[in-house]
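Before any comments, here is the structure.
The values are calculated or read from the model by the stated rules, or taken from the named source; none is laboratory data. Note that the coordinates shown come from a computational prediction; the quantities given were computed from them, not determined experimentally. Here the Cβ is made from the backbone with ideal geometry for all residues, glycine too, and neighbour counts use every protein chain on show.
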Amino acid sequence: MDDFERPVLAVRNINKQYGQGCVNCRGSKGEGLLKNYCPVCGTVYACRDISFEVYAGEILGIVGESGSGKSTMMECLYFDQEVSSGEAYITAYKGGKTNVFKESSQQKRYIRNHLMGKVYQNPLMSLKMNFSSIGNIAEKLISAGNRNVGQMKVRGEELLEHVNIPVYRMKEAPKNFSGGMQQRVQIAKALSNNPPLLLLDEVTTGLDLSVQASVLDLIKSIQRQLKISMIIVSHDLGVIRMLADRTLVMLDGQVIEQGLTDQILEDPQHGYTQRLVQSLL
Amino acid sequence: MEEILVVQDLTKSFIIHNLAKHIEALHDISLNLKGGEFVGITGKSGSGKSTVFKCIYRTYVPRNGQIWYNSQKYGFVNLAELSERQMIYLRKHEIGYVSQFLNIMPRTTARELVKQAVLEMGSGEDYANIEAQRMLEHFELDKELWDCYPGTFSGGEKLRLNIARAMVKRPRLLLLDEPTASLDHASKLKVRELIEQLKREGTTMMGIFHDLEFMENLCTRVYTMHDGRLQDFQI
């Protein structure tokens with residue numbers, strides 16, 4: 001097995017539930033559930049047995065309707081939420097032999113800062129709106145152990161330039177920026193410590209089409225230049241078609257179908273995927 | 001020559017859930033390709049020619065049957081069951097596919113489009129530039145158009161670009177899905193010339209054509225398809 005077939009991230013049976021579960025739903029494989037919700041005790045099963053791999057330099061797309069658990073899964077991977085059960089292995093972390101969910105919070109912070117970057121749909125989630133843009137990036141560099149102000153400034157400028165933020169606006173706070181620019185600052189922040197894996201959660205949703213295009217072009221050029229692996233969550237099939245090599249389709253907290261992107265779009269197997277593809281304009 | 005592709009009892013059906021329909025597209029297709037051969041497929045539209053190609057290229061998931069491909073990297077593999085990651089490798093390096101329609105990447109110029117195909121294989125920037133230029137020159141695409149977006153091209157120009165993109169990789173197995181359908185005579189001859197050149201270089205090819213004249217003296221064998229079934233056919 002060469003590098004091409006070695007996963008950067010391997011996820012095994014992630015489960016995330018809100019609630020204790022009851023006799024009706026606990027341990028069931030979906031029978032007795034209403035979508036992903038137990039009508040008896042009100043437990044929500046946001047992710048059920050999700051497994052997948054992400055390979056080096058690959059873009060994995062995840063599509064699914066709202067409430068299907070895409071974002072929950074991403075939050076679990078970035079340790080924003082704790083998983084109920086499941087395993088994840090990152091090759092760059094201890095050779096991929098350790099389940100990262102079982103690590104201490106200190107180690108998790110290390111992984112978050114060094115091995116992953118995340119771009120949220122809402123820039124408020126990752127940017128401090130009143131800090132300067134370059135300060136936002138410095139924050140991530142500091143949490144990764146950088147202390148040299150001069151170096152951080154150079155790196156910050158380099159990153160912001162990379163995402164097309166003009167030099168004279170780098171000291172401005174992101175609250176003054178447009179949605180597309182805020183998204184680009186987020187991307188720069190996520191890239192600051194050269195992570196091997198980038199998580200993108202609905203990055204283009206809510207942006208107008210031309211700005212969407214510029215963000216997508218940026219993502220594509222980053223992927224080509226830096227050969228970073230990415231997971232892109234979107235409900236926009238156009239985004240997935242343009243960027244993703246492989247695609248997972250999620251419904252009610254489960255992965256119902258996965259395959260090469262053109263196969264998912266041209267020959268969808270599951271009823272839901274077929275409906276989804278038919279809805280494409 | 002040894003075999004490059006052996007298809008055994010390939011069956012494909014489409015199940016359309018919301019219409020509760022079951023469409024049988026292919027019935028027990030068996031064929032084989034030896035190295036360096038050029039096999040043509042002809043038949044009425046809707047008879048399943050493209051479906052065969054798409055099954056080989058894994059755009060469609062075969063319902064049944066095996067597609068054995070002799071890969072340079074993996075040896076004999078069954079494309080119907082190969083892992084997605086390995087399939088991506090084969091698509092990038094060994095199997096080319098020219099579809100009837102150009103899959104346009106938005107905001108990518110013609111030159112970039114061809115260049116990307118070379119870069120995907122892991123070549124350097126300079127080499128990719130040279131190769132892209134050579135290919136665009138060969139297909140006599142107007143120099144003015146090289147740095148334009150293909151969305152605005154005419155049908156013939158798009159198609160030439162499409163073929164250039166697939167051929168620049170010098171794939172081991174090339175699937176041509178009606179590459180000459182909307183071309184004028186001069187462009188057809190260009191495509192033919194290139195196919196002949198690839199043939200000399202030892203590329204194994206399979207093509208769908210309606211134009212029997214075009215296939216003459218080019219194909220080593222011709223199959224014809226009828227209602228999802230394959231029949232032998234000689235010119």
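A few remarks follow.
- Residue in segment B:40-54 that is more than 23 Å from A:ILE264 (Cα to Cα) and of a type in the set (A, V, I, L, M) present: yes
- If the condition is being among the polar types (S, T, N, Q) and farther than 21 Å from A:ASP217 by Cα, then segment B:110-157 contributes B:SER123, B:GLN133, B:SER154.
- Checking B:VAL191 against (1) out of contact with any Lys or Arg (no Cβ under 7 Å at 6 or more places or on another chain); (2) under 22 Å from B:GLY35 (Cα atoms); (3) modelled with pLDDT of 85 or more, the condition it does not meet: (3)
- Taken over segment A:37-85, the residue count meeting the criterion of being polar (S, T, N, Q), touching a Cys at 6+ places or on another chain (Cβ under 9 Å) and farther than 29 Å from A:SER221 by Cα is 2.
- Residue in segment A:202-211 that is more than 27 Å from A:TYR93 (Cα to Cα), among the charged types (D, E, K, R) and at pLDDT 90 or above present: no
- Residue within segment B:103-116 that is more than 13 Å from chain A (Cβ to nearest Cβ) and more than 22 Å from B:ALA166 (Cα to Cα) present: no
- No other residue among A:GLN225, A:GLN212 is touching a Gly at 6+ places or on another chain (Cβ under 9 Å), within 12 Å of chain B (Cβ to nearest Cβ) and assigned to a helix (DSSP H, G or I) apart from A:GLN212.
For (1) in contact (Cβ under 8 Å) with a residue 40 or more places away in the chain; (2) touching a Pro at 6+ places or on another chain (Cβ under 9 Å); (3) of a type in the set (Phe, Trp, Tyr); (4) within 28 Å of B:SER71 (Cβ to Cβ), each residue gets a yes or a no:
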{"site": "B:GLU3", "(1), (2), (3), (4)": "yes, no, no, yes"}
{"site": "B:SER13", "(1), (2), (3), (4)": "yes, no, no, yes"}
{"site": "B:HIS17", "(1), (2), (3), (4)": "no, no, no, no"}
{"site": "B:ALA20", "(1), (2), (3), (4)": "no, no, no, no"}
{"site": "B:GLU24", "(1), (2), (3), (4)": "yes, no, no, no"}
{"site": "B:ASN32", "(1), (2), (3), (4)": "no, no, no, yes"}
{"site": "B:GLY36", "(1), (2), (3), (4)": "yes, no, no, yes"}
{"site": "B:VAL39", "(1), (2), (3), (4)": "yes, no, no, yes"}
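- Candidates B:VAL98, B:VAL77, B:VAL114, B:VAL118, filtered to the one that is among the aliphatic types (A, V, I, L, M) and without any contact (Cβ under 8 Å) to a residue 24 or more places away in the chain: B:VAL77
- One residue stands out in segment B:1-50 among those that are acidic (Asp, Glu) and more than 19 Å from the chain's Cα centre (by Cα): the one that is nearest to the other protein chains (Cβ to nearest Cβ), namely B:GLU24.
- Taking the criterion of being among the charged types (D, E, K, R) and either surrounded by fewer than 18 Cβ atoms within 10 Å (Cβ to Cβ) or in a strand (DSSP E or B) (or both), the residues of segment A:17-64 that qualify are A:ARG26, A:LYS29, A:GLU31, A:LYS35, A:ARG48, A:ASP49, A:GLU53.
- One residue stands out in segment B:122-143 among those that are within 12 Å of chain A (Cβ to nearest Cβ) and on the phi < 0 side of the Ramachandran plot: the one that is surrounded by the fewest Cβ atoms within 10 Å (Cβ to Cβ), namely B:GLU125.
- Scanning segment A:92-103 for residues that are more than 17 Å from the chain's Cα centre (by Cα) and either crowded, with 19+ Cβ neighbours inside 10 Å or assigned to a loop (DSSP other than H, G, I, E, B) (or both) turns up A:ALA92, A:TYR93, A:LYS97, A:THR98, A:ASN99, A:GLU103.
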